[in-house]
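Read through the structure below, which is laid out as structure tokens, and then see the notes.
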Amino acid sequence: MRVNFTVNGRPQEADDVWEGESLLYVLRERMGLPGSKNACEQGECGSCTVRLDGVPVCSCLVAAGQAEGREIVTVEGLADYAKHREGAHPGTGCGSSGCGTSLDDAKRWQSKPTDGRSGETRELSPIQQAFIDAGAVQCGFCTPGLLVAADELLEQNDSPSDADIREALSGNLCRCTGYEKILDAVRLAAARQEETV
Amino acid sequence: MGVTGSPTNIQQRSKTKGGIGESTLRPDGTLKVTGEFAYSSDMWHEDMLWGFTLRSTTAHAEIKSIDVSEALATSGVYSVLTYDDLPTEMKNYGLEIQDTPVLAHGKVRHHGEPVAIVAADHPETARRAAAKIKIEYVELPVITDEASATGPDALLIHEGRDDHHIGHVPHPNIVHRQPVIRGDADEAAKRADIIVSGDYVFGMQDQAFLGPESGLAVPAEDGGVDLYVATQWLHSDLRQIAPVLGLPEDKVRMTLSGVGGAFGGREDLSMQIHACLLALRTGKPVKIVYNRFESFFGHVHRHPAKLHYEHGVTKDGKLTHMKCRIVLDGGAYASASPAVVGNAASLAVGPYVIEDVDIEAVALYTNNPPCGAMRGFGAVQACFAYEAQMDKLAAKLDMDPVEFRQLNAMEQGTLLPTGQACDSPAPVAELLRLVKSRPLPPEQQWLSAGEDADVRALPGGLSNTTHGEGVVRGVGYAVGLKNVGFSEGFDDYSTARVRMEIINGEPVATVHTAMAEVGQGGVTVHAQIVRTELGVNQVTIHPADTQVGSAGSTSASRQTYMTGGAVKNTAEAVREKVLEIGRAKLGTYHPAWATAELLLEGGKVVTDGGEVLADLVDVLEDEAVDLELEWRHRPTVAFDLVTGQGDGHVQYSFAAHRAVVEVDTELGLVKVIELAVAQDVGKALNPLSVVGQIQGGTTQGLGVAVMEEIIVDPKTARVRNPSFTDYLIPTILDTPTIPVDVLELADEHAPYGLRGIGEAPTLSSTPAVLAAIRNATGLELNRTPVRPEHLTAT
């Protein structure tokens, strides 16, 4: 079947989609957007969290057909989305030829000579920058899902208590950090948000 | 040539930023937060196929026949391979003993063992085709514990077993056995006023890294294969993969792709050989990505253990002796079991002074899931038992449990039960003092808050199961001792290549190692080390691959010590070479070139007095200095197989925990309120990463204390809970605040004085939580994880 939807602000269509394919599979394998992660594919770990018409969902539990005509934001589009939060259309993000990891890209991976703020100047959303600054990224596999969930929390609640943060992120498993630095990151992003208001 | 450094041209000395000791940020951080970091499951290649593994549904059976015809005839299927299709006589692999079949032949020995592999144009096609493979099994009795493994009529899991351990084990179903005997425990027991013994059970824990086993194999024109994969040790994989494929090692080129956590679970091979076989057979790139269900079968777990301990103590609280027997269940294949046995035995006494010990550790072959490496590696199970014993002894003596531990704590110079002296700081008593002296978290808030109490802070949390009635609080302590690095005479080394050159008018260093970055932050500290040693700001970390010498494994808390040490050592050699070039070119301009100790700082050559002699740009010009060197730690020896004596370990690390828990005694629910930790790290190369590792390790210990266990049916040896629905790891709601105290007592034998840190916090976290639950409830609790029924006696 064919599925038409908007991903990170750009209209997309996916052809030859199997009935049983998940939105996660279509994003990762057909759209070239591997940012949403495939850690359990059972809706238990939150690594594949995306916004579906603004609502955070586990994209592994959404059948691709359910995304027909809807708007999706993945971690790849998070910076644009945050930037255009007030606007009607969330940025222009990546398209099918955009942000995937081709083998050539993967082969060329090098950690560039920087202090963690990537060599290329790239605009990050406040929550993305806070995760880097607070040391909340270790292996990083849980990070995309946590970022999407945390960004939505901060959109709803600009000064969440620790209990609020824990509740909002309780659907996202992390195996490396012990969560303390993830809490730090969300607190940091919230504090920076307050400073700029 | 622009010359600086004449005696009249003294410049301001500028420190290089981002060196060791600073909390430099991860170089891969931006890619990881934008979703662009290439994990192994993200690899993509035009025209690529998907591989799938068919696994046994039974734990022990003879395979009478396998019929793949229907699977092979499925539209979209390119290849179906079984044991008969393996290209060489080498059909097994293994870390220490080559007993693990690439694909089952003749027999399956555990539930989930790979039997056949399929390549198809869609993952679902591959799965459906695999379901059409017909296998005829003849069930065999299952061996699931020591009694069934070593009983008089026990079937042999590996018939015709032939390896170097066999002479030292009492039964072929025992993988390895290591006694450690020192002094005379029986004689010393006569001096004891109180003797305390206990039996303990440690459940099977899973690494549960989030990034599933995955990778992409691409067939090459020269008949070889390029493999992009998440692993902990590229060269160890290569050594096991190439012979099975029948290829020389230089035709199997491996590149590390992004690793989503490891914790020991990627030491053994998973999909590597399968993907290569399918790629070579079909001539197309093949990607394999395990789903979570498969992941539980795709890697080895932490050994479950049964431990019997006996300690004696005098009236004034001094330990007299210790006897113990540790039985580890290694499952169907050896994996790292021999080394886990060595660790459990040699560290069984913990960080205490006990001169007379009688220790025996064994690992069994059974039909349970194979077990091998996991964070803490044998020391974790022992720590759970000896720390429970310490609390029991203190209670019998009516002593404070921390004071009792401090009274018996080892220190620098103490002889371990292996006869090895601990020749670096051993701040056991101090670490306990640090966690004990922290202020306790506020008292039970609902007692005063009444209706306004936040139920999220109570056991049961959001489920709103209590408002505080029946909730009791407890506090518990534990401390642990872990070795760092590979022990028992293993020739452990790492290799680093460091290159320095001028690019766009700036000195730039490149580091190339085969170190697996699994999330621990090695790529960050390598850049910090090079900045410190070579005084350049710009450091590029080359992707890890097999085009450079082995870095050894990212395990055993060894990588910062070993590959960090190799990078330091190679960078120092590069510095010498740079200074040599400088002397030859510019030496006549300043006498300090010949006489002073020279350093590289801020892109310049400076004297130890801070005088600038030259810019690196002028020293190097078009020249590049490029060196690749191996680096070794001081040698160790194998433990004597009868007495366990020998200087078997490289270094030790220590951590202590204090746990505060609240228990709903009516429902049996536990809420860990705080888990404070103190650890000696020798030298914190990157304090932010150090704290992250300590908190992460602590949380894995918390998990095994209260929720994590792979449940294996004792009658069928089938795994009951291979999913994140049923195998629970701590969420952010289960994990408390984890305050960390870091000590930096340098180990003079280690690079920068550092101490491996990754594993130690996992040891003492579990027994501290158990001690706190015992303290809260008064129950004995001798097994982990603690389940509600243990707390409510239902």
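Please treat every number below as a calculation from the coordinates, not as lab data. Please read all numbers here as calculations on a predicted model, not as lab measurements. Backbone-built Cβ (ideal geometry, glycine too); neighbour counts: all protein chains shown.
Below is a table of values for the structure above.
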| quantity | calculated |
| --- | --- |
| Alpha-carbon spread of the range B:454-582, three principal axes, descending order, Å | 76, 42, 26 |
| Normalised convex hull volume, the range B:314-410, alpha-carbon set, Å³ per residue | 95 |
| Span from the the range A:130-197 Cα centroid across to the the range A:1-60 one, whole angstrom | 22 |
| Per principal axis, descending, Cα span of the range B:700-794 in whole Å | 52, 33, 25 |
| The range B:627-649 versus the range B:475-519: alpha-carbon centroid distance in Å | 18 |
| Per-residue average of Cβ from other chains inside 10 Å of A:178-191 | 4 |
| For the range B:127-212, alpha-carbon Rg relative to the globular expectation (2.2 N^0.38 Å, N residues) | 1.78 |
| Rotationally averaged projected area of the range B:616-701 (alpha carbon convex hull; nm²) | 12.3 |
| The range B:250-394, dipole about Cα centre (Lys/Arg Cβ +1, Asp/Glu Cβ -1), debye to the nearest 20 | 820 |
| Chain B - percent relative contact order, Cα under 8 Å, separation 6 or more | 17 |
| Dipole magnitude (debye, nearest 20) for the range B:90-248, charges at Cβ of Lys, Arg, Asp, Glu | 220 |
| Kirkwood-based shape ratio for the range B:416-483, expressed as Rg/Rh from alpha carbons | 1.24 |
| Shape parameters for the range B:48-169, alpha-carbon atoms, Rg then Dmax in Å | 16.6, 53 |
| Helix-only CD estimate at 222 nm, as mean residue ellipticity for chain B, using -39500 (n - 2.57) per DSSP H run (n ≥ 4) | -7500 deg cm²/dmol |
| Sorted by Cβ density within 10 Å, fewest first, the residues B:M48, B:M707, A:M1 | A:M1, B:M707, B:M48 |
| Shielding by other protein chains, B:41-48, mean Cβ within 10 Å | 6 |
| Alpha-carbon centroids, the range B:668-732 and the range B:390-429: separation in whole Å | 25 |
| Overall form of the range B:232-295 per C-alpha gyration tensor (a/c, 1.5; a/b vs b/c) | oblate |
| Pairwise Cα inverse-distance average, inverted: Kirkwood Rh of the range B:249-353 (Å) | 17.9 |
| Positive dipole terminus of the protein assembly as shown, leading residue within B:I241, B:A717, A:S161 (C-beta point charges) | B:A717 |
| Segment B:H467-B:K17, length gained on full extension (0.36 nm per residue, minus Cα span) | 156.8 nm |
| P(r) histogram, all alpha-carbon pairs of the protein assembly as shown included - 10 Å bins from 0, percent | 2, 11, 20, 24, 21, 14, 6, 1, 0 |
| Charge dipole magnitude, Cβ of K and R +1, D and E -1 - chain B, Cα centre, debye nearest 20 | 580 |
| Over chain B - Rg/Rh using Cα atoms and the Kirkwood inverse-distance radius | 0.99 |
| Spin-label proximity, B:A624 to the range B:513-546 - amide N less than 14 Å from point 7 Å beyond Cα toward beta carbon | B:540-543 |
| Percentage relative contact order, the range A:139-187, counting C-alpha pairs under 8 Å, at least six apart | 44 |
| Packing-based exposure ordering (other Cβ within 10 Å, fewest first) of B:Y93, B:Y386 | B:Y93, B:Y386 |
| Ranked B:L95, B:L481, A:L188, criterion: other C-beta atoms within 10 Å, fewest first | A:L188, B:L95, B:L481 |
| Efficiency of FRET from Cβ geometry, B:H168 and B:K134, R₀ 56 Å, rounded to 0.05 | 0.85 |
| Extreme residue, positive dipole direction of chain B, given options B:A453, B:V523, B:A676 (C-beta unit charges) | B:A453 |
| Average partner coverage of B:258-269, which counts Cβ from other chains inside 10 Å | 3 |
